[in-house]
Amino acid sequence: MHLIRSAVVVSVCAWLALCVPDARAQEQQPASGPGQPTQEPLTLERAVSLASERNETTLSAQARAEAAEARVAQARAFFFPRLVVNGGYTRRPQESTRQVGDQTVVLQRFNALGGNAIASITLFDARGFPLYQAAKRDSEATALDAREVRRQVAFQAATAFLSTLGLQQVAEAAERRLAYARQSLEEARARAQAGLASTNDVTRAELDVATAEAELVDAVGQAETSRLQLGYLLVVPEVGALAPPETLLGEASRPVDSFAGLADKALERRPDILSAKLRVEQQRALAREPLARLFPSLTASAQGSVTNESGLNGQTFNGFLGLDLTWTLFDGGARYAERRERLALTRALDLDTAARVRGVDVSVERAHVSLRTAQAALSRSQVAMEAARQNAEETTILYRQGLASSLALSDAQVRQFEAEVSLAQAHYALGTALLELRSAVGLDPLGKEP
């Protein structure tokens, strides 16, 4: 039975060695062959730039902003004249003529040609002004929405970058734990063969190795999943090595009070807040449009036509000028009903905007609390990590001297692994807390105004 367990452990170890190469062996291998460029590690700044430039969500928002600009041009066209030109050709089976005195007049030719030109312009229509203003506010708000989408995608990429780094460190800690467990297994077997320990220590060490292998496989899987998600956000087929964001983490270590000034102009920087205010103005302009229907509209038009059939009057060209006055005195109350509807929508948008404005202060304070908590958690994790490492080293020495049990050694190794995991999580949770603060005050992930 012991031989079977040993064979199983050896097989699993060999499989893991193939799937998860040793990090030290990878460092010793050259990064590229002769004549091949060395691939630089992906930095946080580059990741944010790739997500902002390539992600389909950002590009889609930009396309919607361009569509809103086109709608402004459509609304502006209301104030410009319109010119329509058309022509026609008619082939008849016979020609129609009339004899007028001693002259033959052709009324309808075999081949008839004709053309019309119609020009018209709206001299006054009160509806055009609120509609044009609403289109402009919609364009400005949509442009701000595109900027906010770009900013949020950048934050998603930055958060995924930190998460991937954290899970990568967890996988490295699991690999170190597996190495410690294998070493303890070898020592337990040697001690058992020498009669210095019981076979129970060997069984215990084998269980630790199996547990460490399972945790390593799980950690590597989570790291790979996070890496795939990062690649999806950056729109890259494969994400290489990641460079630790030392600048971000160093900035996050500053005292929380030093970030207090960032909240002063948060409302002026947040594109979503500015867009919400423009949406209210847009809806107010739309609410004025039904009242504009109370005024008459005046349109001028000019038309000219030319033909090769002069007819009885002998004229091949004709034209006229005209004015058209339209005044809808009563429309069944539709204009007033539409105004009430749009005014209600304006109040709803105004209330929603007020709630979002109030929420900015709450988001900033919550981010301050998260940053302060993350700093305290990192400090505690560093102390716990040092204590767990020292405890594992001392317990290993005592076990080799026969002064500690295999259970104590296993417990010390588990505690060291858990401390390493907590430290990695706290380390990058600190960066995530700073990202949350920058998002709340309207900055981009790099601390700049979008």
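Take the alpha-carbon centre of region 95-164, take the same for region 406-450, and report the distance between them in whole Å.
Using only Cα atoms, the two centres lie 55 Å from each other.
Among residues other than Ala285 whose Cβ falls under 9 Å from its Cβ, what is the net charge (Lys/Arg +1, Asp/Glu -1)? Mind dumping the intermediate values first?
Details: positive: Lys136, Arg137, Arg284, Arg288; negative: Glu281, Glu289.
Result for the neighbourhood of Ala285: +2.
In Å², and per residue, what accessible area does the chain have when probed at 1.4 Å with the other protein chains present? All intermediate terms of the calculation are to be shown ahead of the outcome.
Details: 25860 Å² over 450 residues.
Roughly 57 Å² per residue, with all protein chains present.
When we measure straight from the Cα of Lys136, which aspartates and glutamates land under 16 angstrom away, once same-chain ones fewer than 8 places off are left out?
Within reach: Glu66, Glu69, Asp145, Glu281, Glu289.
Determine which aspartates and glutamates satisfy two conditions relative to Lys265: a Cα distance under 17 Å, and not lying fewer than 8 residues away in the same chain.
Here the aspartates and glutamates satisfying the reach criterion relative to Lys265 are Glu148, Asp257, Asp361, Glu365, Glu436, Asp444, Glu449.
Roughly how many nanometres apart are two label points built 7 Å out from the Cα toward the Cβ at Leu207 and Leu267?
6.3 nm
For a Förster distance of 30 Å, can you work out the FRET efficiency between the beta-carbons of Ala408 and Ala214, rounded to the nearest 0.05?
Numbers: r = 22 Å, r/R0 = 0.73.
According to the calculation, E is roughly 0.85.
Give the calculated FRET efficiency between Phe80 and Thr43 to the nearest 0.05, with a Förster radius of 51 Å applied to their Cβ-Cβ distance.
0.50
Can you compute the modelled spin-label distance between Arg372 and Ser258, with each label point 7 Å from Cα toward Cβ, in nm?
Computed distance between label sites Arg372 and Ser258 equals 1.7 nm.
Using alpha-carbon pairs under 8 Å, 6+ residues apart, how would you state the relative contact order of the chain in percent?
Details: 591 pairs, mean separation 101.1, N = 450.
Over the chain, the number comes to 22 percent.
When the chain is fully extended, how far beyond the present Cα-Cα distance does Gln183 get from Glu418, taking 0.36 nm per residue of separation? Let's see the in-between values first.
Working: separation 235, 0.36 × 235 = 84.60 nm, distance 1.87 nm.
Length difference between fully extended and current span is 82.7 nm.
Compute the length gained on full extension between Phe330 and Glu69: take 0.36 nm times their separation in residues and subtract their Cα-Cα distance, giving the result in nm to one decimal. Spell out each step's value before the answer.
On the way: separation 261, 0.36 × 261 = 93.96 nm, distance 3.44 nm.
Full extension of this stretch gives 90.5 nm more.
How about region 395-450: which trypsin sites (Lys or Arg not before Pro) there are in a DSSP loop, with at most 16 other Cβ atoms within 10 Å of their Cβ? Could the numbers behind the result be given before it?
Numbers: sites: Arg400, Arg415, Arg438, Lys448; in loops: Lys448.
Within region 395-450, the qualifying trypsin sites (Lys or Arg not before Pro) (loop, at most 16 other Cβ atoms within 10 Å) are Lys448.
Quantify, in whole percent, the carbon and sulfur part of the accessible surface of the chain (1.4 Å probe; protein heavy atoms only). All intermediate terms of the calculation are to be shown ahead of the outcome.
Numbers: 14540 of 25860 Å².
The nonpolar share, carbon plus sulfur, comes to 56 percent.
Under 1.5 on a/c is rounded, so check that first for the chain, then, if it is not, pick prolate when a/b is larger than b/c and oblate when it is not; a ≥ b ≥ c are the square roots of the alpha carbon gyration tensor eigenvalues. Please report the intermediate quantities before stating the final value.
Numbers: a/c = 4.68, a/b = 2.60, b/c = 1.80.
Note, shape of the chain comes out prolate.
Rounded to the nearest 500, what is the chain's calculated 222 nm mean residue ellipticity when only DSSP H runs of at least 4 contribute -39500 (n - 2.57) each, over all residues?
Details: 11 runs with 293 residues, N = 450.
The per-residue figure over the chain is -23000 deg cm²/dmol.
Quickly work out the Leu113-to-Ser379 label distance, labels modelled 7 Å from Cα along the C-beta direction, and quote it in nm with one decimal.
The modelled label-to-label distance comes out at 9.3 nm.
The values are calculated or read from the model by the stated rules, or taken from the named source; none is laboratory data. Predicted model, so just to flag it, every value in this text is computed and none were measured. Cβ sites come from the backbone with ideal geometry, for glycine too, and all protein chains shown count toward neighbours. Heads up: the accessible areas ignore ligands, DNA and RNA and are worked out on the full protein's heavy atoms, side chains in. Shrake-Rupley method; radii C 1.70, N 1.55, O 1.52, S 1.80 Å.
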